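Engineer: This is the structure, below, for whatever I ask next.
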Amino acid sequence: MGAEKKIQQRTIESRKKLLDAAYHLFVEKGYYNTNTKEIARYAGLSIGNFYNYYQDKGEIYCVLLKKYATDSCKAMQELFDQLIALEGPIAYKDFLSLYLRQLLERAVDTKKFFEDSIVIAKENAQVQFTLSEAEESLIAIIETFLRKRYPDRQDDYYIKARMIYVITDQVAKDILCVNSQQQKEKYIQLFIEEILHFSFDQ
């Protein structure tokens, strides 16, 4: 039993090392400029070890993408659970300002990883499925929030949730492309004002 536990522990540690190495290289060099030998070497493992756990770099990319999608859904749910408890626009504005800045700081590190995902999805059905599944999960969370916030409206909550998701996703990408910190700050503030308008003025 002790030997089995040691093997299981080694397996967990090796998988984590490979995932951490792959993520680092995908972010630093990009998916297409990284190969399985580099991932194994960076993890301090043999290429044989890599293939013991993953079929190819596409599979390890998909595992990383699923983990990020799960974490994103959890963060989104926590955000809306907190927003639903806030009543006034000032509290909303303060909370969203803090949240958006934290989100954008994290997004800088993952930008390259996700830029590649659109291209990878065209050749990898599993990546395409994971992206679609994550998108629908996030939209469902937004839809639930809207239903709770506006229970008396006769709206198509799904369509509104989808619009919010698409617009927010594009705006976040645009903000990351702005070079001037001053312009970036204005962009964030205008974005927050639009969210407040949608939340309280309708």
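Engineer: Quick check on residue 105: is it out of contact with any helix residue (DSSP H, G or I) (no Cβ under 6 Å at 6 or more places or on another chain), closer than 27 Å to residue 39 by Cα and exposed (fewer than 15 other Cβ atoms within 10 Å of the Cβ)?
Structural biologist: In short, yes.
Engineer: Looking at the range 122-135, which of its residues are under 23 Å from residue 74 (Cα atoms) and not charged (D, E, K, R)?
Structural biologist: Hits for the range 122-135 are 126, 127, 128, 129, 130, 131, 132, 134.
Engineer: From the list 129, 113, pick out the single residue that is crowded, with 16+ Cβ neighbours inside 10 Å, out of contact with any Lys or Arg (no Cβ under 8 Å at 6 or more places or on another chain) and among the hydrophobic types (A, V, I, L, M, F, W, C).
Structural biologist: From the options 129, 113, the qualifying one is 113.
Engineer: Output the residue which, of all residues in the range 154-169 that are within 16 Å of residue 134 (Cβ to Cβ) and loosely packed, with under 14 Cβ neighbours inside 10 Å, is modelled with the highest pLDDT.
Structural biologist: 166
Engineer: How many residues, within the range 20-67, are surrounded by fewer than 17 Cβ atoms within 10 Å (Cβ to Cβ) and of a type in the set (Ser, Thr, Tyr)?
Structural biologist: Total satisfying the criteria: 4.
Engineer: Follow-up question, since we're still on this one. Under 8 Å between Cβ atoms, at least 6 apart or on separate chains: pull out the pairs that start in the range 135-147 with a residue that is closer than 18 Å to residue 170 by Cα and end on any residue that is surrounded by fewer than 20 Cβ atoms within 10 Å (Cβ to Cβ) and hydroxyl-bearing (Ser, Thr, Tyr).
Structural biologist: From residues that are closer than 18 Å to residue 170 by Cα, the pairs are 135/165; 138/72; 138/165; 139/158; 139/165; 142/165.
Engineer: Go through (1) charged (D, E, K, R); (2) touching a Gly at 6+ places or on another chain (Cβ under 9 Å); (3) assigned to a loop (DSSP other than H, G, I, E, B) and name the single condition residue 115 misses.
Structural biologist: (3)
The values are calculated or read from the model by the stated rules, or taken from the named source; none is laboratory data. A quick note: this is a predicted structure, and the numbers were derived from the prediction, not measured. Cβ atoms come from the backbone with ideal geometry, glycine included; neighbour counts cover every protein chain shown.
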